[in-house]
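Report on the following structure.
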Amino acid sequence: MSDNPKVGFISLGCPKALVDSERILTQLRCDGYEISPNYDNADVVVVNTCGFIDSAKAESLAAIGEALKENGKVIVTGCMGHNPQEITEVHPQVLAVSGPQQYEQVVNAVHDVVSPPAHDPYIDLVPAQGIKLTPRHYAYLKISEGCNHNCTFCIIPDLRGKLVSRPLGEVMAEAEGLVRSGVKELLVVSQDTSAYGIDSKFGLGFWGGRPVKTDFYSLVKHLGELEAWIRLHYIYPYPHVDKILPMMAEGHILPYLDIPFQHASHTVLKSMRRPAHAEKVINRIHKWREVCPDLTIRSTFIVGFPGETEQDFETLLDFVKETRIDRVGCFKYSPVDGAKANALDNHVPNEVMDERWDRLMEVQQKISAEKLQTKVGQKMTVLVDEIDDARVIARSPADAPEIDGRVLITTGEEIEPGEFLEVTITGADEYDLYAEF
C-alpha cells in the first residue's frame with residue numbers, strides 16, 4: 001500500500017463536467033496523488049457539482065453533506081461553485097470553493113490541504129490518455145467551452161462564458177491518443193457542437209503536419225478517419241449540418257444526431273430564444289433521412305415552459321408524431337436561479353406539466369416501440385458495455401451510453417467489454433433490443 005496522499009472524488013452533472021473531472025484527476029495523479037474509491041482512506045474529498053437546475057443543486061448539496069459527514073475534509077468545484085455563497089450557507093465547513101473550468105484553483109486547494117509527494121519519475125506514471133471516469137472502451141471528447149446562445153431557461157453562458165473552441169490540432173491529438181489507448185467510441189460533446197470554430201473565425205490550425213481549418217465539417221471529417229465510432233452530441237440544426245450527412249451514410253461516423261430541439265411551437269421557441277422553426281426542421285429531418293436512411297435522431301423537449309398553452313403543447317405532439325424522432329427525453333420546466341424565463345408570465349401549474357409529460361412520453365413510447373420492432377431479424381454491429389451475470393449488455397450505433405436503449409444478448413461465448421459483435425436481433429420492446437450472437 002502506497003503512502004502517497006489520497007483524494008476521493010465525486011463527479012456530478014453532464015458529460016462536459018465529467019471531462020472537467022477527468023482533467024482534474026489527471027493533474028492530481030500527475031502530482032503524485034492516488035485516487036481513493038471510498039471516504040475512509042481519502043485525505044480529502046473533491047466534489048464536482050452541477051448547478052443547472054434546482055434538483056441538480058439539491059443533489060450537489062446532498063453529495064457535499066454526505067462527504068462532510070463521512071470524511072470531513074471537502075473541496076467543492078464545478079458549476080455550482082459559480083455562486084460560492086449557495087454552498088457555504090448550507091455547508092460552511094467546506095475548505096474551498098471554485099467554479100467551472102477553474103482547474104488550477106481546485107488542484108491548488110488540494111495542495112493546501114495535503115501536500116503532494118515528491119515526484120518519482122520511475123513510479124508516478126499516468127496513462128497517456130489521462131485519468132478517465134468512463135469505461136476503457138469509450139470516452140467523451142470535449143471540443144469547446146461556453147455558449148453564444150441566450151436561451152431564457154439557461155444560465156450556461158453565465159457559468160461557462162461565451163464559446164471558446166479548442167484548436168483542431170489539439171482536439172485531434174487527444175482523439176488519436178484515446179483511440180491508441182483502446183477507446184472504441186468517441187462521444188463528441190460541448191454546449192453547441194455544430195458552432196465549433198465560429199469564435200476563431202474558422203482559422204487554420206495544424207494536425208499531422210498539414211494545415212486544417214477549425215470548423216465543424218473539418219472536425220467531423222478528420223475524426224471520421226480514426227478507427228473508432230464517432231458520435232455527435234449537442235448539435236444545433238444549422239444549415240451546414242447538412243454537409244455531414246453523406247459522411248454518416250458512407251459509414252465514416254455514426255448515423256446519430258443529438259439535437260436538443262426543446263419545443264416545436266413558434267411562440268414557445270420565441271420565448272425560449274431558441275434559433276429554430278418547426279416547419280423548417282421537419283423538412284430538414286425528411287431530407288436528412290433521404291440522404292441517410294439509417295439516421296438516428298435523439299432530442300430533448302421541455303413541457304410546461306411559462307406561457308405554454310394547450311395549443312402549443314399540441315403543436316409539440318404533432319411535431320413528435322410527424323418527425324418520429326427515435327430517442328426522446330422530456331423534462332418538466334424547472335426555474336433556474338438567474339434565468340430570464342423566471343420573469344415570464346403565465347407559469348404552468350405542476351399538475352398540468354405532469355399531465356403533458358405523460359402524454360408526450362406515451363406518444364414517444366409507441367413510436368420507439370414501432371421503430372425498434374422493424375429491427376427484428378436484422379444483423380447489427382454492437383459494442384459491448386458490460387457483462388451482467390450470463391447476459392451481455394451492448395449498444396447499437398443508435399444508442400449513446402446511459403441515455404439511450406441497450407442491446408441485450410444471449411450467448412454462451414466468452415465476451416469482454418469493448419468488443420464489437422455481429423448479432424442478429426431477435427426481439428424488441430419500447431426501448432431495448434434483444435439479440436443472439
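The values are calculated or read from the model by the stated rules, or taken from the named source; none is laboratory data. Only a predicted model underlies this, so the values are computations on that prediction, with no experimental measurement involved. Cβ: placed from backbone, ideal geometry, glycine included. Neighbour counts: every protein chain shown. Accessible surface areas use protein heavy atoms only, side chains included; no ligands, DNA or RNA. Shrake-Rupley method; radii C 1.70, N 1.55, O 1.52, S 1.80 Å.
Tabulated results
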| quantity | calculated |
| --- | --- |
| All positions within the stretch 199-245 that are within 14 Å of P255 (Cα to Cα) and β-branched (V, I, T) | V220, I230, I235, V241, I244 |
| Residues satisfying the stated conditions in the stretch 192-209, i.e. open to solvent by 20 Å² or more (accessible area, probe 1.4 Å), in contact with a Ser or Thr (Cβ under 8 Å, 6 or more places away or on another chain) and under 14 Å from G169 (Cα atoms) | S200, F202, G203, L204 |
| Qualifying residue in the stretch 142-151 (condition: outside any helix (DSSP H, G or I), farther than 23 Å from V19 by Cβ, at pLDDT 85 or above and open to solvent by 20 Å² or more (accessible area, probe 1.4 Å)) | yes |
| Selected residue (only one of T88, T77 is among the polar types (S, T, N, Q), within 14 Å of L12 (Cα to Cα) and either out of contact with any Lys or Arg (no Cβ under 9 Å at 6 or more places or on another chain) or free of Cβ contacts under 8 Å to residues at least 40 places away in the same chain (or both)) | T77 |
| Leading residue by the ranking (most open to solvent (accessible area, probe 1.4 Å)) among those in the stretch 343-402 that are assigned to a loop (DSSP other than H, G, I, E, B) and among the β-branched types (V, I, T) | T374 |
| Pairs, first at positive phi in the stretch 149-163, second of a type in the set (G, A, S), C-beta under 8 Å, six or more apart | G161/G146 |
| Hey, L226 touching a Leu at 6+ places or on another chain (Cβ under 8 Å) and either modelled with pLDDT of 95 or more or open to solvent by 10 Å² or more (accessible area, probe 1.4 Å) (or both) or not | yes |
| The stretch 422-437 - residue that is open to solvent by less than 50 Å² (accessible area, probe 1.4 Å) and of a type in the set (D, E, K, R) and, of those, nearest to I393 (Cα to Cα) | D432 |
| Options E22, E66, E70: the member that is open to solvent by 10 Å² or more (accessible area, probe 1.4 Å), touching a residue at least 24 places away in the same chain (Cβ under 8 Å) and of a type outside the set (A, V, I, L, M, F, W, C) | E70 |
| Yes/no for T300 being of a type in the set (S, T, Y), open to solvent by 10 Å² or more (accessible area, probe 1.4 Å) and in contact with a strand residue (DSSP E or B) (Cβ under 6 Å, 6 or more places away or on another chain) | yes |
| Filter result for the condition that a residue is surrounded by 15 or more Cβ atoms within 10 Å (Cβ to Cβ), within 30 Å of E416 (Cβ to Cβ) and among the polar types (S, T, N, Q), over T77, T134, T49 | T134 |
| Selected residue (only one of V179, V189, V183, V212 is surrounded by 17 or more Cβ atoms within 10 Å (Cβ to Cβ) and at pLDDT below 90) | V212 |
